[in-house]
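The values are calculated or read from the model by the stated rules, or taken from the named source; none is laboratory data. Note that the coordinates shown come from a computational prediction; the quantities given were computed from them, not determined experimentally. Note: ideal-geometry Cβ built from the backbone for every residue, glycine included; neighbour counts use all protein chains shown. Heads up: the accessible areas ignore ligands, DNA and RNA and are worked out on the full protein's heavy atoms, side chains in. Shrake-Rupley method; radii C 1.70, N 1.55, O 1.52, S 1.80 Å.
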Amino acid sequence: MSNKSIKYLILTPLLIACSNNPKPSWTNPHLEACVPRLATTKPLPFSIGLNLNKIDASRYDGFYSTRAYTISKELEIRDVSSPLLDKNFDGQIGVFVQYASEEQINVVRMWENPNHALDEETRGDFNFVEKYYRWDIYSVKGNEFKNLTENSVSFYNNGGGVFDNKITYTSIINNTSVQFKMDLDGTNKTQVTTTGFTYGYSESKDKRHFAYHSDYKLFIDGKKVNTPCNFNFGPKWAPDSSKLAFICDGKYFQATADGTEIKPLGSRDGLSETVPFMTGFDFHHGGTDRYDWTSDSKYLVHSKKVNGKAALVLSNDQDVQILTQDLDVSHPIVKDNYILFHAINSSNKMYDVYILDLTTKEITQVTNLDSNCNSRYALPF
């Protein structure tokens, strides 16, 4: 697998990131993991699925210190990681929330043999070997935890989105990324891609179309789309199902549902597509930033460099609206008339969670994390 493949493997940051120190110092994140600390006393407009990780540990420890929490609208915090932290494994385990609703939360339970991780970090490359990896998707309903991918064809199952009550996920088979779907209870597993290194599967809300990228080419309904770019990544359908946004050589483009009309949608103006989740060197670049559509499908919500900051903006092919001035913003996601996002202010090192009300433009800081902690890929539900 090429370094380019590894750099842009997925839209979620769930791959081991490597350090310039070839020998990590194993600690015990079961005892030292970050915990949420709230910055507000006001009820929230929705509940939040939250992921936290340490930033000042080794690469391996930082990744496997990842813990999943929920924050209810009434500000009640729940740890959904602890029941999955089996200390009998030879190594460490991280837990990452990737889907959340009032009925069900899906988390990915991540394990890798520490000696294998050390070998990967020393070489600066990934080597997916079955006996050294075990990633599974669990559903959490109340106090019930169920392994949905225990009988999967792969030892590596990384959760994605939920479309039409189907869970999409990625499996590594023969060092190749393959897309699957299954029912919410883990039954009826179906492979949805067959060729190339595929990721970023997305289905339209009207259930008529699907898209993904394969070997960094855009596909709609299984057919390759001719775009003006060599690197195409992370397609996302608009809520009205009429168009598709995607990253095209570092800029945002949109395509009509049939892929016949393609035009620019917005620019990051010098920002990298990747957002660090640690303070140290990371050859994998930590993960890829997230973007979303407004609920009316009129604007893309993303980060853009404005006066030296990663501002939160709304953009389309005709207009750009700047929503923040003094925060470095990443990973926005829309729910109803709100934007949930991560941001760094002048007093912290990494990312806290914020909510912006699109009607009033009021911003609420949700978390106030310790300086050695980071939040990423929060989900509203």
Qualifying strands (runs of 3 or more DSSP E) (wholly inside segment 44-160; at least 2 residues being farther than 30 Å from Glu362 by Cβ): 92-100, 105-112, 133-141, 144-147
Residue match in segment 269-283 (condition: in a loop (DSSP other than H, G, I, E, B), of a type in the set (D, E, K, R) and surrounded by 16 or more Cβ atoms within 10 Å (Cβ to Cβ)): yes
Flag for Val329 being open to solvent by 60 Å² or more (accessible area, probe 1.4 Å), β-branched (Val, Ile, Thr) and farther than 17 Å from Ser241 by Cα: no
Options Ser72, Ser82, Ser101: the member that is of a type outside the set (Lys, Arg) and modelled with pLDDT under 90: Ser82
Residue match in segment 36-57 (condition: at negative phi and modelled with pLDDT under 80): yes
Count - residues of segment 227-256 that are part of a loop (DSSP other than H, G, I, E, B), in contact (Cβ under 8 Å) with a residue 40 or more places away in the chain and in contact with a Phe, Trp or Tyr (Cβ under 8 Å, 6 or more places away or on another chain): 3
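Yes/no matrix, rows are residues, columns are (1) without any contact (Cβ under 8 Å) to a residue 60 or more places away in the chain; (2) on the phi < 0 side of the Ramachandran plot; (3) surrounded by 15 or more Cβ atoms within 10 Å (Cβ to Cβ); (4) part of a loop (DSSP other than H, G, I, E, B):
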{"site": "Ile167", "(1), (2), (3), (4)": "no, yes, yes, no"}
{"site": "Thr170", "(1), (2), (3), (4)": "no, yes, yes, no"}
{"site": "Ser177", "(1), (2), (3), (4)": "no, yes, yes, no"}
{"site": "Lys181", "(1), (2), (3), (4)": "yes, yes, yes, no"}
{"site": "Asp185", "(1), (2), (3), (4)": "yes, yes, no, yes"}
{"site": "Asn188", "(1), (2), (3), (4)": "yes, no, no, yes"}
{"site": "Thr194", "(1), (2), (3), (4)": "yes, yes, no, yes"}
{"site": "Tyr201", "(1), (2), (3), (4)": "yes, yes, yes, no"}
{"site": "Asp206", "(1), (2), (3), (4)": "yes, yes, no, yes"}
